[in-house]
1. Kindly list the number of the only condition in (1) crowded, with 22+ Cβ neighbours inside 10 Å; (2) under 30 Å from Gln277 (Cα atoms) that fails for Ala38.
2. Test of understanding: among Gly97, Gly48, which residue is over 20 Å from Phe257 (Cα atoms) and not hydrophobic (A, V, I, L, M, F, W, C)?
3. What residue, of Ala40, Ala30, Ala57, Ala45, is hydrophobic (A, V, I, L, M, F, W, C) and touching a Lys or Arg at 6+ places or on another chain (Cβ under 6 Å)?
4. What number goes with the only condition from (1) modelled with pLDDT under 85; (2) more than 12 Å from the chain's Cα centre (by Cα) that Leu183 does not pass?
5. So which helices (runs of 4 or more DSSP H) are wholly in segment 35-146 and hold at least 1 residues that are of a type in the set (S, T, N, Q), more than 26 Å from Leu207 (Cβ to Cβ) and out of contact with any Pro (no Cβ under 7 Å at 6 or more places or on another chain)?
6. Exactly one of these conditions fails for Thr255: (1) in contact with a Leu (Cβ under 7 Å, 6 or more places away or on another chain); (2) farther than 15 Å from Ala191 by Cβ; (3) crowded, with 22+ Cβ neighbours inside 10 Å. Give me its number.
7. Among the residues in segment 189-205, are any modelled with pLDDT under 90 and more than 22 Å from Thr253 (Cα to Cα)?
8. So which residues in segment 204-213 are over 13 Å from Tyr90 (Cβ atoms) and of a type in the set (A, V, I, L, M), if there are any at all?
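The values are calculated or read from the model by the stated rules, or taken from the named source; none is laboratory data. Predicted, not measured: the structure shown is a model, and the values here were computed from it. In this analysis, Cβ positions are derived from the backbone assuming ideal geometry, glycine residues included, and neighbour counts consider all displayed protein chains.
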Amino acid sequence: MNTAVQGRRWLGSLAVLMAAALWGTTGTAAAFAPEVPAMAIGAAAMGGGGLLQALLAIRSMAKHWQGLRRNWLLLLIGAVAVAVYPLAFYGSMRLAGITVGTVVTIGSAPLLSALIEYVFDRQPLSLRWLAGALLGVAGMGLLAAAESHGAMGGEAVVGGILLGLLAGLTYALYSWTARRLMLSGVAAKAAMGATFGSGALLLLPVLLLTGAPLLSLGSNLAVGLYMALVPMFAGYLCFGYGLARIPASNAVTLTLFEPVVAAVLAVLIVGERLPAQGWLGIVLILMCLVCITWPVKAPKS
């Protein structure tokens, strides 16, 4: 791998890590609006952020309209996945807790992403990626087990885990479709803007039906605006930048950093308790990130 390609991938990895750090704040932010339904939080966050991305990318989408129209099925699949993801993700966190919901969603996404790439792209995975993914999944397991001991209601936790798996699948799916659009010649800004803008339109009816509590208090509105502007808008700009430079499976795996941020914030701000095995899980996740992102020296010719 030459220096230019290596630098490109390194910058892409850093951008995805920045996105993951911003996303890790969403559960804690949502905890400050407990009376707002999870569906409303999800629709406001992803819907608002998606519309902003589409507005920012209008000129790029117009320029690449032919490519988007030619790949309409990828765009449709991505839009549906974008619409389902926040509803499942925030529902998971409400039922199973911030850390467990984030852990299951982000922990399952790398494996599902790799499966999607293997089935549709015949994309092989390196031993280094597999080693990193195993470290990450082991860390996810320890973190989820540590948090589930203190969770209330077994049925609620099971429901939260199932929603987390659905969120992980849709996250992996829209990451893959966006990446495929980029590889077909559509600019990253246009691919992300069209995917998230279309998904935002699908979320508007949900927001209209469930979003009244967002306007009932200034604090609820502030939470909704923060979610749309910071983790969803700024975060996905970073993610799109990274996705244009590294494979979708690598990008999704790097977002294992999100539950680390979510767990730390949940402990420090929300008051969730994290036992020793949870902190061990965080260490394994950090090792996973080092394993995947550490630059590989090009062989001497």
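1. So Ala38 meets the others, but not (1).
2. Unique residue meeting the criteria: Gly48.
3. The match here is Ala57.
4. The failed condition is (1).
5. Where helices (runs of 4 or more DSSP H) fall fully within segment 35-146 and carry at least 1 residues being of a type in the set (S, T, N, Q), more than 26 Å from Leu207 (Cβ to Cβ) and out of contact with any Pro (no Cβ under 7 Å at 6 or more places or on another chain), they are 65-70, 98-121.
6. Failed condition: (1).
7. Taking segment 189-205 as the starting set, the residues that turn out to be modelled with pLDDT under 90 are 189, 192.
Filter again for more than 22 Å from Thr253 (Cα to Cα), leaving none.
Checked segment 189-205: no residue is modelled with pLDDT under 90 and more than 22 Å from Thr253 (Cα to Cα).
8. If the condition is that a residue be over 13 Å from Tyr90 (Cβ atoms) and of a type in the set (A, V, I, L, M), then Leu204, Leu208, Leu209, Ala212 are the ones that fit.
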